[in-house]
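Rule-based calculations on the coordinates, nothing more; no lab input. Every value quoted in this text rests on a predicted model; they were computed, and no experiment measured them. No Cβ is skipped: glycine too gets one built from the backbone with ideal geometry, and neighbour counts run over all protein chains shown.
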Ligand SMILES: N[C@@H](CCC(=O)N[C@@H](CS)C(=O)NCC(=O)O)C(=O)O
C-alpha cells in the first residue's frame, strides 16, 4: 500500500489530529506543509485538494479526502493497528459527541478566539484583543466543563482506550495550556488535567510538535 500524504502545516491542530491518528496506528506517512499563515490554503494548488481552503487534505492510493473526521475514520478503517473507535455503541456515541463539540464550539472559542489573541497575535508582533478573549470565556469554560463531565472517571475521553476524540482534543490542549488563562480555566477540571498529563507524554504527541517559522 502506498504511503499516505497529509497536506497541512505542523502548527495546525486539525492537521495534527490526522498525524496523531496515523502515529497511534503506526502508519508511515508523508507530511507536505501548506503555509496557512501566508494564505496558501486558499491558493489554486491547495483548493484543488480542499475547495474550502482549509487544512488538512489527505491522499492515499489515488484517493483524495478532506475533513478531519472523514480522514481519521478512513485511516482507522483501512490500516491495521489498534482501533481508535470504540466497538461499544455508547462509548462510540460519546466519542462522536465530543468530536462534534470540538468542531462546533471548542475549536472556535479556544483556538480562533482565545489562543489566537493570547498567542498568535503577540507572536506576530501585535497585541491581542482583550475584548475577544473575554467574549470567548464563557464558551471555553462550558466546553472544558463538558469535556470533564463526559470523560467522567475514564482515563480517556470516551472510555478505557484512546480514541479519535483524544486525537481531536489533544492538539487544541497543546495550545490552550500555553495561554496565561489556562491555569485558572483548568482549576476546576482535575480529570482533564490528568488526561492532558498522560496524553502529552504519548509518543504520538512527542513526535508531532508544532513548528513555527
Ligand atoms: N472542518 C475542517 C476544519 C479545518 C480547519 O479549520 N483547519 C484550519 C487549521 S487547524 C485551517 O485550515 N485554517 C486556515 C484558514 O482558515 O485559512 C476539518 O475538520 O478538517
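Could you list, in sequence order, the residues of segment 138-162 that are within 22 Å of residue 184 (Cβ to Cβ) and surrounded by fewer than 15 Cβ atoms within 10 Å (Cβ to Cβ)?
Within segment 138-162, 138, 142, 145, 149 qualify.
Determine whether residue 168 is in contact (Cβ under 8 Å) with a residue 40 or more places away in the chain and surrounded by fewer than 12 Cβ atoms within 10 Å (Cβ to Cβ).
no
Taking segment 171-189 as the search range and keeping residues that are touching a residue at least 24 places away in the same chain (Cβ under 8 Å) and loosely packed, with under 14 Cβ neighbours inside 10 Å, which one is nearest to residue 68 (Cα to Cα)? Full working, then the answer.
First, the residues of segment 171-189 that are touching a residue at least 24 places away in the same chain (Cβ under 8 Å): 171-176, 178-181, 185-186, 188-189.
Those left that are additionally loosely packed, with under 14 Cβ neighbours inside 10 Å: 178, 180, 188.
Details: 178: 24, 180: 28, 188: 30 Å.
Here the residue is 178.
Do we find that residue 125 is without any contact (Cβ under 8 Å) to a residue 12 or more places away in the chain and either touching a strand residue (DSSP E or B) at 6+ places or on another chain (Cβ under 9 Å) or exposed (fewer than 12 other Cβ atoms within 10 Å of the Cβ) (or both) in this structure?
Details: without any contact (Cβ under 8 Å) to a residue 12 or more places away in the chain: yes; either touching a strand residue (DSSP E or B) at 6+ places or on another chain (Cβ under 9 Å) or exposed (fewer than 12 other Cβ atoms within 10 Å of the Cβ) (or both): yes.
Spelling it out, residue 125 is indeed without any contact (Cβ under 8 Å) to a residue 12 or more places away in the chain and either touching a strand residue (DSSP E or B) at 6+ places or on another chain (Cβ under 9 Å) or exposed (fewer than 12 other Cβ atoms within 10 Å of the Cβ) (or both).
Of all residues in segment 57-71, count the ones that are closer than 10 Å to residue 6 by Cβ and in contact with a helix residue (DSSP H, G or I) (Cβ under 7 Å, 6 or more places away or on another chain).
Matching residues across segment 57-71 total 3.
State all residues of segment 61-97 that are over 19 Å from the mean Cα position of the chain (by Cα) and within 16 Å of the ligand (Cβ to nearest atom); if no residue qualifies, say none.
Correct list: 64 only.
Mind checking which residues of segment 128-168 are in a helix (DSSP H, G or I) and touching a strand residue (DSSP E or B) at 6+ places or on another chain (Cβ under 6 Å)?
Within segment 128-168, the subset in a helix (DSSP H, G or I) is 130-151, 164-168.
Across segment 128-168, the qualifying residue is only 166.
Quick one: residue 27 ticks every box in (1) near the ligand (Cβ under 9 Å from one of its atoms); (2) farther than 28 Å from residue 119 by Cα bar one, so which box is it?
(1)
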